[in-house]
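Worksheet: one structure, shown below.
The values are calculated or read from the model by the stated rules, or taken from the named source; none is laboratory data. Keep in mind it's a predicted model, so treat the numbers as computed, not measured. We place every Cβ from the backbone using ideal geometry, glycine too, and count neighbours over all the protein chains shown.
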Amino acid sequence: MRETRPVGYDYWVRRAKVPMRTERSVTWQSVDSFVDRQINSEKYHVWPFANAYPVDVRFLILDRRHDVPLHRPDHLEVVIFESGELGYEVEGRSCTVHKNDIIVVGDRIRHRCLPLGISQREARSVVLSFLPNLLHSGAPLGDDVQYLMPFNLLGSSFPNVIPAGTGLSREILDFVERIRNELPGASERSRLAIKTYLRMILLALVNHYSELGATRESIYQHESNARRLAPLLERIEQRYSEPIRVNDAARLCAMSDCSFMHLFKDVTGQSFVAYLNNFRVARAQDLLASSDQAISEISLETGFCNQSYFGVIFRRITGITPLQYRMSHRRPRKAAN
């Protein structure tokens with residue numbers, strides 16, 4: 001019986017040499033020239049998203065002589081190893097990763113990859129990076145939280161390395177390639193396609209972790225914590241235009257401020273302030289695209305104290321100004337009868 005080879009480096013070489021009409025050639029980059037320069041003095045890896053749509057696909061090479069600093073990302077990553085071997089360190093634990101292994105990287109864990117052995121010239125990996133607000137629909141405890149479950153559960157004991165034997169790399173690489181062909185997400189259709197393919201990747205990860213007995217207790221605990229936040233998230237959904245402070249939010253959940261902030265970050269993957277801003281901006285995006293309201297009115301209606309502050313937060317989250325968003329996303333008006 002003929003053996004089916006897993007998707008690997010030769011897969012990308014073929015695409016690079018003979019690109020199909022809808023595909024782009026592959027450019028491999030050195031970790032030394034790309035990743036290291038994005039790690040700031042506080043050891044955060046700030047991903048340089050090239051456009052307003054916060055998702056990116058890169059092909060990275062780690063030379064055996066190079067040591068990547070221990071760091072925390074400001075984004076989420078799915079890393080698929082294409083060739084070679086690497087030592088991988090996460091929160092004090094270490095292991096060896098091989099071809100077609102997958103690493104799930106959240107924005108709360110310190111990690112790094114290390115070269116192994118003098119006989120190995122280099123190792124290669126495909127990296128899908130994105131910000132969680134790419135999937136934020138504004139629905140409290142909706143599908144967004146479930147899709148991001150593997151990242152929100154990451155910790156010192158959570159198995160964030162998925163071995164090649166699961167066969168997930170082939171499935172995920174196919175969707176990564178589809179995402180890459182839709183970038184930079186310049187149209188509504190391409191943005192919809194990117195979100196759909198990303199959700200398929202995340203669903204594959206959720207299914208994988210849901211079947212692991214070792215993670216079921218963590219999943220149940222996560223769901224219990226989410227239910228504890230339900231009164232607060234319901235209030236945000238119904239009265240997001242009204243001011244709400246951290247101590248008000250903690251009181252709704254019958255918790256101390258410190259315990260609340262820790263729990264909220266565990267459940268949503270974001271701080272309370274970041275979640276609230278993302279929620280309000282999502283509502284503002286809908287109003288900008290569907291109404292003729294003045295931007296100043298929308299800023300107040302969505303809970304921002306003034307238009308200037310609204311503009312700062314909106315641009316920080318979306319990468320563009322409210323006016324630019326309105327001009328590029330305005331929905332056609334139905335003709336009156």
Name every residue in the stretch 256-299 that is free of Cβ contacts under 8 Å to residues at least 12 places away in the same chain and of a type in the set (A, V, I, L, M), in order of residue number. Ala274, Ala294
Okay, helices (runs of 4 or more DSSP H) sitting entirely in the stretch 130-187 with 3 or more residues that are out of contact with any strand residue (DSSP E or B) (no Cβ under 7 Å at 6 or more places or on another chain), of a type outside the set (S, T, N, Q) and at pLDDT 80 or above, I get 168-182
Which residue, of Arg251, Arg245, is more than 23 Å from Arg330 (Cβ to Cβ), loosely packed, with under 14 Cβ neighbours inside 10 Å, among the basic types (Lys, Arg) and free of Cβ contacts under 8 Å to residues at least 12 places away in the same chain? Arg245
Check on Gln238, polar (S, T, N, Q), under 19 Å from Tyr147 (Cα atoms) and without any contact (Cβ under 8 Å) to a residue 40 or more places away in the chain: no
Applying the selection to the stretch 236-261, what residues are in a helix (DSSP H, G or I) and farther than 13 Å from Arg280 by Cα? Val246, Asn247, Asp248, Ala249, Ala250, Arg251, Leu252, Asp257, Cys258, Ser259, Phe260, Met261
Please count how many residues of the stretch 185-215 are touching a residue at least 60 places away in the same chain (Cβ under 8 Å) and of a type in the set (Phe, Trp, Tyr). 1
